[in-house]
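Throughout, read-outs are computed from the coordinates displayed, never taken from laboratory work. Everything numeric in this text was worked out from a predicted model, so none of it was measured. FYI the Cβ positions are ideal-geometry reconstructions off the backbone, even for glycines, and counts take in every protein chain you see.
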Amino acid sequence: MEILTQIFSLETLSSTLRMATPLAIAAIGGLYSERSGIINIALEGLMLAGAFIAVVVSYFTGIPWLGLLGALVFGGLFAMIHAVVSIKYHADQVVSGVAINMLAAGGTVFMLNIIFNTSGTSESVNALPYWGPFKPTVYIGLLVVFIAHYVLFKTPFGLRVRSVGEHPHAADSVGIDVEKIRYICVGISGILAGLAGAHLSLGVLDSFREGMTAGRGFIALAAMIFGKWTPFGALGASLLFGFSQAVQIRLQGLGIPTEFVQMIPYIFTIIALAGVIGKSTPPTAIGEPFEKGKR
Amino acid sequence: MEPILEMKAITKRFPGVLANDNVNLDLYQGEIHALIGENGAGKSTLMSVLFGMYTPEEGEIFYKGQKLDIDGPQDAIELGIGMVHQHFMLVPTLTVAENIILGSEPKRGLKIDIEKAIAKVNELANKFGLQVDATAKVKDIPVGMQQRVEILKALYRGAEVLILDEPTAVLTPQEVEGLYQIMESLTEQGKSIIFITHKLKEVLRISDRITVLRKGKGIGTVTTSETNQKELARMMVGREVLLEVEKEEADFGEVLVEVSNLSAFNDRGMEALNSVSFQIRAGEILGIAGVEGNGQTELVEVLTGLREATAGEYNLHGDSLYNHSARKIKEAKVAHIPEDRHKHGLVLDYTVEDNLVLGYHYREPFAKGINLNFNNLAEHANRLIPEYDIRPQNKEALARSLSGGNQQKIIVAREFDLGPEFLIASQPTRGVDVGAIEFIHRRILEQRDEGKAVLLVSAELPEVISLSDRIAVMYEGEIVDIVDAAEATEEKLGILMAGGSLEGGIANGS
Ligand SMILES: Nc1ncnc2c1ncn2[C@@H]1O[C@H](COP(=O)(O)OP(=O)(O)OP(=O)(O)O)[C@@H](O)[C@H]1O
Ligand SMILES: [Mg+2]
């Protein structure tokens with residue numbers, strides 16, 4: 001009983017929403033990229049870089065909103081490395097993503113040292129203000145999900161994105177610029193991953209910590225897969241995973257090993273991939289470089 | 001009258017291949033212009049140049065008197081040129097309407113105006129007699145409808161000139177008939193059509209003029225009313241071609257293949273084969289006729305180990321092969337030419353050499369222990385490529401880069417070379433040229449004359465009638481009748497294929 005009231009308290013529910021926000025935002029980022037046919041396991045690194053830039057900009061300007069903007073811009077630009085390498089040079093998208101993750105992990109530690117002259121944690125900076133019970137990024141995150149649904153399933157752009165991820169040659173044959181669509185989508189995924197990172201460093205906390213994303217980029221990917229590559233599915237999965245993280249914090253000290261709770265998102269993902277809860281099929285052309293003349 | 005479109009001295013090279021060599025083509029408004037030639041002659045390439053998918057090294061294109069500078073399909077589409085590709089360009093997960101509007105979507109505010117799209121699609125469909133289900137997903141509709149969707153896609157974009165690359169290769173005879181009517185109604189409404197095919201009878205029936213390509217060169221353009229099949233075949237191949245192979249008197253031996261009461265489900269879990277029984281003797285070709293989708297595909301899959309049967313028996317030489325694995329069945333010397341070469345016959349990103357041993361690669365002489373024997377692989381390829389006239393003669397080429405007909409020859413070479421006891425050939429001449437058809441037909445008859453058993457499934461009734469010794473007609477998963485090929489006619493088979501019976505059908509005077 002004790003445990004149940006602990007789990008379903010109002011506090012857990014609001015912390016669920018806070019925990020789910022970065023997952024949902026990054027998952028939507030991954031969704032744009034993967035729906036256009038580009039695997040994006042760089043979300044983790046893009047988030048980390050976004051979290052860092054947000055703090056740096058807030059530190060120098062004193063304005064957290066500029067920090068947020070900086071994270072968006074930098075996330076988008078940083079993702080362009082992944083875009084150019086995979087779209088223009090047809091490199092393996094998983095390898096490119098791993099490289100970005102490593103670059104971000106190393107780069108943030110290095111810059112932390114140079115800018116703040118510390119290792120581990122930055123100084124505290126001005127964080128985003130509360131809007132009612134939550135930070136603005138929580139509301140923005142929800143908005144991002146609804147907009148993604150609208151864009152992907154109601155607009156011409158979304159139709160083109162889906163066609164490019166399923167059958168790029170068909171899209172090409174009706175005059176759609178496959179590469180342009182993919183650049184835009186990878187760019188959006190970088191912007192959203194940056195937003196998710198800023199939520200962690202300026203929303204949840206007011207500073208940057210080494211490796212502070214702690215695998216959330218991968219959990220976001222899991223949420224995207226568990227949500228069957230749809231925005232609302234990804235939101236649902238993020239809430240579920242966010243809930244499991246919130247519970248994990250509550251359960252600390254109650255004698256249940258937290259490792260078990262940490263495993264939950266991954267176990268769900270494996271179950272989803274194994275097809276237990278209906279089939280979760282990725283876009284057909286995912287991971288395949290597009291070569292125009294090829295048939 | 002001036003031609004609406006002129007292609008002048010087009011030259012297009014691929015690495016190591018001169019695909020178009022100084023080719024000319026002109027098209028008049030309202031004309032159906034057929035483009036024919038052997039596999040790999042450069043037909044699809046020439047049309048892809050016109051549609052802006054490839055940039056030619058040399059040559060000019062004039063459209064309505066103006067010199068064109070086409071850079072990408074978008075330009076061609078804007079000019080009013082539409083193309084239906086040899087391999088369909090449809091997104092399976094999108095609906096028919098979405099596929100048709102893709103790239104030129106009607107909008108209301110920021111949104112796609114899907115109601116307007118569906119209305120427009122239905123309006124076009126009615127105007128040209130192209131019946132489609134606008135809200136169905138493309139992956140759920142039959143190929144015949146996919147074809148109509150492709151044509152609608154071009155018309156929706158306001159195509160004045162329509163390129164059809166082998167549109168009839170995957171259609172049933174009824175669907176082909178429907179397509180002709182569509183083509184005629186299109187030209188009546190002022191559209192012009194370039195039409196690629198290997199079927200000379202079709203060409204003579206439907207086209208106004210014919211341009212022939214051979215090995216990348218334009219051989220000439222003739223007026224349809226002044227030519228005939230023999231002349232066209234000679235222009236295409238450069239020699240006399242036997243349009244119908246002569247068949248020797250059959251010499252049947254004992255029963256080799258025995259199938260009784262075989263049943264199976266299709267992919268959707270519905271009964272697709274219902275208690276099918278037949279026998280094939282040594283030295284006999286059993287043809288299977290039927291409208292596509294009446295269980296032929298499932299029958300072949302069960303016989304080759306690609307699908308599990310739910311009941312029945314299947315013996316070769318008295319040994320049961322019932323529900324054995326594909327590998328076991330291959331090892332029992334059952335050869336298979338699959339109907340969908342991209343799905344089952346080839347690995348497109350492997351070389352010709354590797355594809356020539358696919359499925360046999362683990363055995364002597366191609367493998368020794370866990371290693372492949374590269375010398376033997378190369379030798380095998382060097383022998384088969386000229387013997388089966390696979391072009392280009394390059395064993396290192398990727399299967400993907402070959403033309404459709406040459407891809408088919410790779411499979412035929414592989415499956416025939418290993419001396420099967422029982423040959424299962426499903427649509428063996430789909431998409432191949434007259435020369436290759438003659439060649440494949442000869443090889444099939446050779447198998448029979450050597451005392452092997454052959455099961456021939458084909459949507460081409462003339463092919464079934466001329467090759468088979470007996471013909472089984474399938475309808476809704478059952479064999480409704482087995483007739484002697486000598487007594488079979490297209491009409492008789494047509495009645496059976498539609499589910500009628502010969503007594504009833506003939507008594508009704510049809
Ligand atoms: N993208 C490509 N890369 C390399 N070679 C190619 C490519 N496209 C075509 N070829 C080669 O160019 C030649 C002409 O091919 P094309 O597809 O135009 O022939 P086709 O006349 O349409 O044949 P089919 O009747 O078999 O479809 C062939 O030798 C083919 O292998
Ligand atoms: Mg072709």
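When Lys and Arg each count +1 and Asp and Glu each count -1, what net charge do the other residues less than 9 Å away from A:Val55, Cβ to Cβ, add up to?
-2
Work out the FRET efficiency for B:Lys333 and B:Arg205 from their Cβ-Cβ distance, taking R0 = 56 Å, and round it to the nearest 0.05.
0.85
Around A:Thr230, under 12 Å between beta carbons, what's the net of Lys plus Arg minus Asp minus Glu among the other residues?
So the environment of A:Thr230 carries a net charge of +2.
If you count, for every residue in B:90-101, the Cβ atoms of partner chains within 10 Å of its Cβ, what is the mean?
Mean partner-chain Cβ count within 10 Å for B:90-101: 4.
Are any of the pairs B:Lys8/B:Lys230; B:Lys333/B:Lys368; B:Lys452/B:Lys492; B:Lys343/B:Lys492; A:Lys228/B:Lys330; A:Lys135/A:Lys228 more than 30 Å apart by Cα-Cα distance, and if so, which?
B:Lys343/B:Lys492; A:Lys228/B:Lys330
Name the long-range amide H neighbours of B:Ile112: under 5 Å, sequence gap of 5 or more, or other chain; modelled H, no Pro or chain starts.
A:Thr155
Pick out the long, greasy-scoring helices in chain A: whole DSSP H runs spanning 20 Å or more along their own axis by Cα, mean Kyte-Doolittle at least 0.0.
A:10-35, A:43-61, A:64-83, A:93-116, A:136-154, A:178-198, A:231-251, A:258-273
Would you calculate the separation in nanometres between label points at A:Ser124 and B:Tyr180, each defined as 7 Å from the Cα along the Cα-to-beta-carbon direction?
Reported label-point gap for A:Ser124 and B:Tyr180 is 8.6 nm.
What fraction of the Cα pairs in region A:2-276, stated in percent, has a spacing above 35 angstrom?
Summing the P(r) of region A:2-276 above 35 Å gives 15 percent of all pairs.
Give the relative contact order (percent, whole number) for region A:2-276; include only Cα pairs under 8 Å separated by 6+ residues.
Reported relative contact order: 37 percent.
For region B:140-152, in order, what is each residue's ³J(HN,Hα) by Karplus, 6.51 cos²θ - 1.76 cosθ + 1.60 with θ = phi - 60°, in whole Hz (x at glycine and Pro)?
So the Karplus estimates, Gly and Pro as x, are 9, 10, x, 4, x, 6, 4, 4, 5, 4, 4, 5, 4 Hz.
Say R0 is 22 Å: what FRET efficiency, to the nearest 0.05, do B:Lys8 and B:Gln189 get from their beta-carbon distance?
The formula returns an efficiency of 0.20 here.
Reachable lysines from B:Lys395, Cα under 17 Å, same-chain residues fewer than 8 places away excluded?
B:Lys409
Kindly provide the Kirkwood hydrodynamic radius of chain B in Å, to one decimal, from all pairs of distinct alpha carbon atoms.
About 24.4 Å for chain B.
To the nearest 20 debye, what charge dipole does chain A have about its Cα centre, counting +1 at the Cβ of each Lys and Arg and -1 at the Cβ of each Asp and Glu?
660 debye
Could you please report the charge total around B:Pro106, scoring K, R as +1 and D, E as -1 over all other residues with beta-carbon less than 11 angstrom from its beta-carbon?
Residues near B:Pro106 contribute +2 overall.
With a 10 Å Cβ neighbour count serving as the proxy for reagent exposure, in which order, fewest first, do A:Asp172, B:Asp433, B:Asp140 appear?
Fewest-to-most ranking of A:Asp172, B:Asp433, B:Asp140: B:Asp140, A:Asp172, B:Asp433.
Using only Cα atoms, tell me the angle between helix B:114-128 and the longest principal axis of chain B; keep it within 0 to 90° and round to the nearest 10.
80 degrees
Would you mind ranking B:Lys215, B:Lys191, A:Lys228 by Cβ crowding within 10 Å, fewest neighbours first?
B:Lys215, A:Lys228, B:Lys191
Pop the C-beta distance of A:Leu66 and B:Arg108 into the FRET formula with R0 = 51 Å and round what comes out to the nearest 0.05.
0.85
Kindly provide log₁₀ I(q)/I(0) values, in the same order as q = 0.11, 0.14, 0.17, 0.18 Å⁻¹, from the Debye equation applied to equal alpha-carbon scatterers of region B:5-237.
-0.55, -0.89, -1.27, -1.39
Please compute the modelled spin-label separation between B:Asn376 and B:Glu308, points set 7 Å along Cα→Cβ, answer in nm with one decimal.
Those two pseudo-labels are separated by 3.4 nm.
Would you list B:Glu38, A:Glu259 from fewest to most Cβ contacts within 10 Å?
A:Glu259, B:Glu38
Seen from all sides and averaged, what is the projected area of the convex hull of the Cα atoms in the protein assembly as shown, in nm²?
So the mean shadow area of the Cα hull is 42.1 nm².
With both bridge residues required to lie in the protein assembly as shown, what share of the DSSP beta bridges run antiparallel, to the nearest 5%?
Percent antiparallel among DSSP bridges in the protein assembly as shown is about 55.
What is region B:1-56's relative contact order, in percent, from Cα pairs under 8 angstrom and six or more apart in sequence?
Answer for region B:1-56 is 33 percent.
Calculate how steeply helix B:434-449 sits against the longest principal axis of the alpha-carbon atoms of chain B, using the helix alpha-carbon long axis, and give the answer as 0 to 90 degrees to the nearest 10.
For B:434-449 against chain B, the angle is about 10 degrees.
Relative to the first principal axis of the alpha-carbon coordinates of chain B, what is the inclination of helix B:404-417, with its axis defined by its Cα atoms, in degrees from 0 to 90 and to the nearest 10?
10 degrees
Given A:Ala71, A:Leu46, A:Ile176, which one lies farthest toward the positive end of the charge dipole of chain A, if we put +1 on the Cβ of every Lys and Arg and -1 on the Cβ of every Asp and Glu?
A:Ile176
So between B:His361 and B:Glu490, what do we pick up on full extension, going 0.36 nm a residue minus the alpha carbon distance?
Full extension of this stretch gives 42.3 nm more.
Would you work out the charge dipole size for the protein assembly as shown about its Cα centre, treating the Cβ of every Lys and Arg as +1 and the Cβ of every Asp and Glu as -1, and quote it to the nearest 20 debye?
3200 debye
Given labels modelled 7 Å from the Cα in the Cβ direction, how far is it in nm from B:Asn323 to B:Leu398?
It works out to 4.0 nm between the two label points.
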